[in-house]
Amino acid sequence: MKKSRLFTPGPTMVPEEVLLEMARPMEHHRTAFYRNMYKQVHELLQYLFQTKSLCMLFTGSGTAAMEGAIVGCCPPGHKALVIRNGKFSERWTKVCQAFSIDHTSLDIEWGHGAKVSDIQKAMDADPKIDTVVVVHSETSTTALSDVEGIARLTRERGALLLVDGITAVGALPVKMDDWGVDVYVTGSQKAMMLPPGLGVAAVGDRAWERIDSGKMPTLYNDLKAYRKSHETFDAPYTPALTLVRGALKALQIVKERGLEDVWAETAMLARGTRAAAEALGMKVYPADPVDSVTAMVVPDGVDEGALRKTMREKYGFQIAGGQGELKGRIIRFSHMGYVDAFDTIGVIAALEMALAAQGYKVTIGAGVQAAQRVFVEAMK
Ligand SMILES: *Cc1c(COP(=O)(O)O)cnc(C)c1O
């Protein structure tokens, strides 16, 4: 029997307990049942983001929360700096364009994360910038940005910092309040171990001040509406109740396990996968690799489409290819959420077999062995 294993950086695998919870009979949302459930989910979200701020739960994918965040935080009279280092950071520019938000983009080389010095220079050159947008983990290139350092700078300069943490929150160390991030965004289908359909924006006090100071044309993703309903633990529109139900279960699992442990396991899986790549003679793509997703460069002579097809159809492993200019050039493996060392050893074995099937010179077992060495050390 073939089993299906999802290694794409969203959607990711969902634990059985969460799936079962979501299969329970429908309830109505204007009830004590929903309010009580949402109240618990909210507390757990604050734990996930390491914040005392309000965490607003949008019905929609991560992009809904991105849109709500930037539209609220950049009313007329304010200017955003968007750091672009991949497909997802480009999406932030698109949102700015769609809502005529005053912004400027800073392009940095793909595979690199945003650094304090890049932002400092851009802010020095344009004193109108009072809002900075960075992607913590640029999923398309698997590059890591220095959010902690950037937050220090934006605090110093009195600018707001909006962070796309969609493949960071719940996977990498994220300390919203300690670092001083104003808005952190995530989505349900990455490290939250849920199906797609929920976006979350954790919104700090300085961001709320900005949101309250202006007016922007928005309705469905209006943070103020979400905040108003939150006062009574309600949602402005029908919430994705089934997913909220799943979120309670998934976040309880994370809380019981402890975030530090989850972060450490994610990092271990990334280290093992990078060691496997090296042992197979494959290059890890980014200069600043993140621990939630690993991208490997497809070796010359290997057909990326055929490789993924073999892995998916013959071996039951779904991995991701590249996006935009990286299409056909890289393959990506998720380390987020409901995935462990043994799933990861499995996907590395499948990769070796799919490479061998194409005639790529590979010592079968070399990647698996390299990953196992990392895991033995880390799991002692
Ligand atoms: C997945 C993802 C998004 C959001 O995409 P949706 O399809 O709207 O969920 C945004 N940013 C990053 C970094 C992501 O990985």
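The values are calculated or read from the model by the stated rules, or taken from the named source; none is laboratory data. Keep in mind that what you see is a predicted model, and the values were worked out from it rather than measured. Cβ coordinates were reconstructed from backbone atoms using ideal geometry, including for glycine residues, and neighbour counts include every protein chain displayed. To get the accessible areas, we keep the full protein, side chains included, count just its heavy atoms, and leave off ligands, DNA and RNA. Shrake-Rupley method; radii C 1.70, N 1.55, O 1.52, S 1.80 Å.
What to note about this one:
- Residues located in region 272-294, provided they are among the hydrophobic types (A, V, I, L, M, F, W, C), within 22 Å of V174 (Cα to Cα) and open to solvent by 10 Å² or more (accessible area, probe 1.4 Å): A287
- When region 145-164 is limited to residues that are touching a residue at least 60 places away in the same chain (Cβ under 8 Å) and closer than 28 Å to P11 by Cβ, the one that is surrounded by the most Cβ atoms within 10 Å (Cβ to Cβ) turns out to be D164.
- Among the residues making up region 103-130, those that are without any contact (Cβ under 8 Å) to a residue 60 or more places away in the chain and buried (at least 24 other Cβ atoms within 10 Å of the Cβ) are A114, I119.
- The single condition from (1) assigned to a loop (DSSP other than H, G, I, E, B); (2) closer than 18 Å to T167 by Cα; (3) charged (D, E, K, R) that R30 fails is (2).
Per-residue answers, yes or no, for (1) under 28 Å from D288 (Cα atoms); (2) of a type in the set (F, W, Y); (3) in the same structural domain as L198 (by TED's automatic domain parsing):
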position: Y47; (1), (2), (3): yes, yes, yes
position: K52; (1), (2), (3): no, no, yes
position: F58; (1), (2), (3): no, yes, yes
position: T63; (1), (2), (3): yes, no, yes
position: F88; (1), (2), (3): yes, yes, yes
position: R91; (1), (2), (3): yes, no, yes
position: S100; (1), (2), (3): no, no, yes
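- Residue match in region 221-234 (condition: within 16 Å of the ligand (Cβ to nearest atom) and either without any contact (Cβ under 8 Å) to a residue 60 or more places away in the chain or part of a strand (DSSP E or B) (or both)): no
- The set of residues in region 46-73 that are assigned to a loop (DSSP other than H, G, I, E, B) and among the polar types (S, T, N, Q) comprises Q50, T51, S53, S61.
- Breaking point among (1) within 20 Å of P11 (Cα to Cα); (2) buried (at least 20 other Cβ atoms within 10 Å of the Cβ); (3) outside the structural domain of I108 (by TED's automatic domain parsing), for G305: (2)
- Filter result for the condition that a residue is open to solvent by less than 10 Å² (accessible area, probe 1.4 Å), over 29 Å from R257 (Cα atoms) and within 12 Å of the ligand (Cβ to nearest atom), over V133, V185: V133
- Matching residues in region 247-284 - criterion: being within 18 Å of the chain's Cα centre (by Cα), more than 14 Å from V339 (Cα to Cα) and in contact (Cβ under 8 Å) with a residue 12 or more places away in the chain: A247, L251, L259
- Residue check for R91: within 12 Å of the ligand (Cβ to nearest atom) and either of a type in the set (D, E, K, R) or without any contact (Cβ under 8 Å) to a residue 12 or more places away in the chain (or both): yes
Residue-wise test of (1) more than 16 Å from the ligand (Cβ to nearest atom); (2) open to solvent by less than 10 Å² (accessible area, probe 1.4 Å).
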residue	(1), (2)
I166	no, no
M193	no, no
A202	no, yes
E209	yes, no
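- Taken together, V147, V116 contain a single residue that is in the same structural domain as D205 (by TED's automatic domain parsing), within 23 Å of the chain's Cα centre (by Cα) and within 16 Å of the ligand (Cβ to nearest atom), which is V147.
- Considering region 49-73, and only residues there that are over 15 Å from L243 (Cβ atoms) and more than 16 Å from the ligand (Cβ to nearest atom), the residue that is surrounded by the most Cβ atoms within 10 Å (Cβ to Cβ) turns out to be C73.
- Test for V174: is it more than 12 Å from the ligand (Cβ to nearest atom), closer than 23 Å to G111 by Cβ and surrounded by 24 or more Cβ atoms within 10 Å (Cβ to Cβ): yes
- Qualifying residue in region 16-33 (condition: more than 16 Å from the ligand (Cβ to nearest atom), within 30 Å of E90 (Cβ to Cβ), buried (at least 19 other Cβ atoms within 10 Å of the Cβ) and touching a residue at least 12 places away in the same chain (Cβ under 8 Å)): no
- Residues that are acidic (D, E) and surrounded by fewer than 20 Cβ atoms within 10 Å (Cβ to Cβ), drawn from region 335-364: D340, D343
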